[in-house]
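All remarks here apply to the structure that follows.
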Amino acid sequence: MSRIESTLGALRAQGRKALIPYVTAGFPFADITPALMHGMVDAGADIIELGVPFSDPMADGPVIQRAGERALRLGVGMLQVLGQVREFRQRNRSTPVVLMGYANPIERYEQIHGQGAQGAGAFVRDAAAAGVDGVLVVDYPPEECQSLAAALRAHGMDLIFLLAPTSTDARMAQLARVASGYLYYVALKGVTGSGALDTRAVEQMLPRIRRHVQIPVGVGFGIRDAASAQAIGKVADAVVIGSRIIELIEDQEHSRVVPIVQDFLRGIRKALDA
């Protein structure tokens, strides 16, 4: 059983919902990520999604695009991201960490550090050694990920997929055969941080998803405050929040970043547990 599975299973047994904050690695300062990760856990985060900076993030809106561009300018790439996870693991061996990003950084890492189809070589080996628990690759379709999923599972990691409001039943069934850990349901038609969240639409979609998928379902894209998190938490297994966190810290001084995120997440945690 992976760390993600055990964490979500324990929360389910307690009748609680998972809080999954997303931050871009190396943003807003190259050295802040491990401290920010610890701060988020202290504030109630159950799983951390760590964005791998990439120059062409097609699923991300302008807020996360800016964060990725800034992190890249600061010299943060996949090698540095794995180093940040290793540093986090020196003090925290229990909180799951999911790398979220795109195929290019993984395949580039393979070119530099080893060979393997779709990251099944050096990337999987080094991610596992660093303490990564799951990988979400936006532009890896499930029909092309069987070898990667097997390699990750062999190293105790999960392959997580996005599911959209437009996904068909056939697509859900296909994802159910490959995905593990949890499924990330995108609550909006569009990129991260765009549009208004329609909680009623999410409520109607979740039962349909669960007819095909047995693993927990997290919901993200459009959750920005305690009220929206609480509404989604009533129907989903996990709540994912990213763009709002990035907005809160993008213009902050170094010393203010962690306290601001902690204050925000404590409010979300309280709402989810209410």
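Run V257 past the list (1) outside any helix (DSSP H, G or I); (2) surrounded by 21 or more Cβ atoms within 10 Å (Cβ to Cβ) and report the number of the one that doesn't hold.
V257 satisfies all of (1) outside any helix (DSSP H, G or I); (2) surrounded by 21 or more Cβ atoms within 10 Å (Cβ to Cβ) except (1).
Just to be sure, is V63 of a type in the set (V, I, T) and at pLDDT below 95? Before you say what the answer is, go through the steps one by one.
Working: of a type in the set (V, I, T): yes; at pLDDT below 95: yes.
Yes, satisfied.
Please work out which one of (1) assigned to a helix (DSSP H, G or I); (2) touching a strand residue (DSSP E or B) at 6+ places or on another chain (Cβ under 6 Å); (3) aromatic (F, W, Y) is the condition F88 fails and give its number.
Only one criterion in (1) assigned to a helix (DSSP H, G or I); (2) touching a strand residue (DSSP E or B) at 6+ places or on another chain (Cβ under 6 Å); (3) aromatic (F, W, Y) is unmet by F88, namely (2).
Only residues that are under 17 Å from A129 (Cβ atoms), assigned to a loop (DSSP other than H, G, I, E, B) and out of contact with any Lys or Arg (no Cβ under 6 Å at 6 or more places or on another chain): list them for the stretch 92-113, please. Write out each step before concluding.
Kept after step one, since they are under 17 Å from A129 (Cβ atoms), are these residues of the stretch 92-113: 92-93, 96-99, 106, 109-110, 112-113.
If we keep only those that are assigned to a loop (DSSP other than H, G, I, E, B) too, we end up with 92-93, 96.
Listed by number, the residues that qualify are N92, R93.
Could you please let me know if V202 is assigned to a strand (DSSP E or B), surrounded by 15 or more Cβ atoms within 10 Å (Cβ to Cβ), among the β-branched types (V, I, T) and touching a residue at least 12 places away in the same chain (Cβ under 8 Å)? Full working, then the answer.
Working: assigned to a strand (DSSP E or B): no; surrounded by 15 or more Cβ atoms within 10 Å (Cβ to Cβ): yes; among the β-branched types (V, I, T): yes; touching a residue at least 12 places away in the same chain (Cβ under 8 Å): yes.
No, not satisfied.
The values are calculated or read from the model by the stated rules, or taken from the named source; none is laboratory data. Everything numeric here is computed off the predicted structure, so don't read it as measured data. No Cβ is skipped: glycine too gets one built from the backbone with ideal geometry, and neighbour counts run over all protein chains shown.
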